[in-house]
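The values are calculated or read from the model by the stated rules, or taken from the named source; none is laboratory data. Being a predicted model, the structure only gives us computed values, none of them experimental. FYI the Cβ positions are ideal-geometry reconstructions off the backbone, even for glycines, and counts take in every protein chain you see. Just the protein is used for accessible areas: all its heavy atoms, side chains included, with ligands, DNA and RNA removed. Shrake-Rupley method; radii C 1.70, N 1.55, O 1.52, S 1.80 Å.
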Amino acid sequence: MGKPFAEKIFSARAGRDVVPGEIITVEPDYVLSHDNTAAIAATFAKMGAEKVLHPERLVIVLDHCVPAADAKHAENHKKIREFVAEQGVEHFYDVGRGICHQVLPEEGFARPGRLILGSDSHTTTYGALGAFSAGIGRSEAAAIWATGEIWLMCPESVRMNMTGEFARGVGPKDLILSIIGDVGADGMLYKSVEFAGETMEVMSVAGHMVLANMSVEMGAKNGYVAPNDKTAEWLASRESAEYEAVYPDADASYESELEYDVTDLPPMVAKPHTVDNVAPVEEVVGTAVDQVVLGTCTNGREDDLEEAARILEDRTVASGCRLLVFPASREIWREAMKSGAFEAIEGAGGIIMNAGCGPCLGAHEGVLAPGEVCLSTANRNFKGRMGTPEAEIYLASPATAAATAVEGRIADPRGYL
Amino acid sequence: MVKGKVWKYGDDVNTDVIFPGKYTYTVTDPAEIASHALEDLDPDFAANVKPGDVVVVGRNFGCGSSREQAAFCLKYAGVGAVVAESFARIFYRNAINAGLPMVVSKDAPDALVTGDPVDIDFTAGELRAADGKVFTFPPLPPEVMAIVEAGGLVEYVKRRLNR
């Protein structure tokens, strides 16, 4: 019997046959940190460490509260810049470059077969490009800086087979919300989830990223899409050091396999206050919203902005509703300028913000007031997430977000496309 | 050995209610971190928890963000152990690294309510409730126990660098 992706890459890294449940010591190719780098540096110092063992393996991206919202955040960023200079960290991306989960793919770090750990739960995103990537804690990042290695348990694997073609106005975000609603917030706890099937062959890499990004919302250790023609096309246009893809064996055995046919899938939303509280958009159509957020590491890519722009073109954001748009990176920002997406969004009354995490984690740039309702294309709607526990957050696709902004109430995007 | 009173909560308790995201980049003092523990879940917890008390929860405790203050805020607040039906994986790692002991038990959470006195013997792998009921649980893997026994990952790495 063959091995799934996770067992293949764990075995390759360990230099022996590894089975699920086994703990191995690994040397990650890259370790990601962001605005939490200063805190990691403080832990690193507590460990008695002075020099980072492999500074070339660190990738540091300032994105969580950029530009700094107040003096405390500014001081945090300053400390990080000092640490970067002191340690000679070459892969440092300062305020404005973008969200780490878009920057690592663009800058050539997230590549097939690589092992990437990050002090951020959505580090799972790079599985969209065939990497094994998972989130770790801050102390663990410090331990890797000091020693170059860390322990990982080999996970069990689950394959999700996707078939069919999306209806107009329906896409990867609706699919992953429906999967999370189906399996639950802990449905894939500790698992390596492989997204496979014919639908993945036609889905864009941005779509692959939506699935891998949100795999952590069902508890997964990592999400993975086997590199295909779409991946090859995306990679061909970008530079990177060499890499070697790792694929699951054709006869791999999985703990379980799940089937999803997307043909009749409607637009989906996650209702407050958990990501697995999922319903078809029809159920909540008409719910008044104060703010719509389009962007984040889940849905701030070209596909997403263009889909929203198609709906917003020649329309107007409803009075009393704010539309905030956060492109995932500077590169995407420029593309959206060129493609006309920004013109359509801005023309409709949307506010174009800088590349970064924005209000997703409640730090700044559009946090909510008590009693307000927000529909966001982000990945979490937990109570208190966007600044106050007394606000409500709905999660949905860029198309649903755009239609909702036009009506000022949650709307079904299918009537607009 | 841990001895204390139970603080009982439900399933899928996420890191945003354990330690709100708005504090993650600016609050660094251990006492201040402890003062926000479970702030958006149970505003009475931080002020009233006693050293050795045990947080008892259902499935998927600590789901959500990778922020390790979610584990450290409980440790700093004096929590002796967390007993859960299951843990979200990053929280599980963070708790090990914070030196916060964890018990995985399918049955114990259902049998306990807030205020119950319990004691937990990690060597024997036993959780004893006041009514005499005993729940057994599997020990942590040795690689992982070594980190908890060192008092957390900082101490563990410090010893390793000094070797």
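A compact table of results
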read-out: Whichever residue in segment A:37-60 is more than 8 Å from every other protein chain (Cβ to nearest Cβ), over 14 Å from A:PHE83 (Cβ atoms) and assigned to a loop (DSSP other than H, G, I, E, B) and, among such residues, is most open to solvent (accessible area, probe 1.4 Å); value: A:LEU53
read-out: Leading residue by the ranking (nearest to the other protein chains (Cβ to nearest Cβ)) among those in segment B:1-19 that are among the hydrophobic types (A, V, I, L, M, F, W, C) and not in a loop (DSSP other than H, G, I, E, B); value: B:VAL17
read-out: Tally, over segment B:110-163, of residues that are within 14 Å of chain A (Cβ to nearest Cβ), modelled with pLDDT of 90 or more and in a helix (DSSP H, G or I); value: 10
read-out: Residue that is without any contact (Cβ under 8 Å) to a residue 24 or more places away in the chain and crowded, with 21+ Cβ neighbours inside 10 Å, where the choices are A:GLU86, A:GLU82, A:GLU140; value: A:GLU140
read-out: Tally, over segment B:20-78, of residues that are farther than 18 Å from A:MET386 by Cβ, open to solvent by 20 Å² or more (accessible area, probe 1.4 Å) and not in a loop (DSSP other than H, G, I, E, B); value: 10
read-out: B:ALA130 vs. criteria in contact with a Pro (Cβ under 8 Å, 6 or more places away or on another chain), open to solvent by 50 Å² or more (accessible area, probe 1.4 Å) and farther than 30 Å from A:LYS51 by Cα; value: yes
read-out: Counted residues, segment A:196-216 - those being open to solvent by less than 10 Å² (accessible area, probe 1.4 Å) and either touching a residue at least 60 places away in the same chain (Cβ under 8 Å) or of a type in the set (Val, Ile, Thr) (or both); value: 11
read-out: Residue check, A:ASP314 crowded, with 19+ Cβ neighbours inside 10 Å, in the same structural domain as A:LYS383 (by TED's automatic domain parsing) and either at pLDDT below 95 or not in a strand (DSSP E or B) (or both); value: no
read-out: Conditions (1) surrounded by 24 or more Cβ atoms within 10 Å (Cβ to Cβ); (2) under 18 Å from A:PRO248 (Cβ atoms); (3) in contact with a His (Cβ under 9 Å, 6 or more places away or on another chain): number failed by A:ARG114; value: (3)
read-out: Residue among A:VAL170, A:VAL193, A:VAL158 that is among the hydrophobic types (A, V, I, L, M, F, W, C), outside any helix (DSSP H, G or I), more than 10 Å from chain B (Cβ to nearest Cβ) and open to solvent by 10 Å² or more (accessible area, probe 1.4 Å); value: A:VAL170
read-out: Strands (runs of 3 or more DSSP E) within segment A:65-141 that include 3 or more residues away from chain B (no Cβ under 14 Å); value: A:91-93
read-out: The one condition in (1) more than 19 Å from A:ASP276 (Cα to Cα); (2) in contact (Cβ under 8 Å) with a residue 12 or more places away in the chain; (3) more than 14 Å from chain B (Cβ to nearest Cβ) that A:GLY358 fails to fulfil; value: (3)
read-out: Matching residues, segment A:366-404, being open to solvent by less than 20 Å² (accessible area, probe 1.4 Å), assigned to a loop (DSSP other than H, G, I, E, B) and away from chain B (no Cβ under 14 Å); value: A:THR377, A:ALA396, A:SER397
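The rows are residues; the columns are (1) within 12 Å of A:THR377 (Cα to Cα); (2) free of Cβ contacts under 8 Å to residues at least 40 places away in the same chain; (3) surrounded by 24 or more Cβ atoms within 10 Å (Cβ to Cβ).
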| residue | (1), (2), (3) |
| --- | --- |
| A:VAL262 | no, no, no |
| A:ASN277 | no, no, no |
| A:VAL284 | no, no, no |
| A:ASP303 | no, no, no |
| A:ILE332 | no, no, yes |
| A:GLY340 | no, yes, no |
| A:HIS364 | no, no, no |
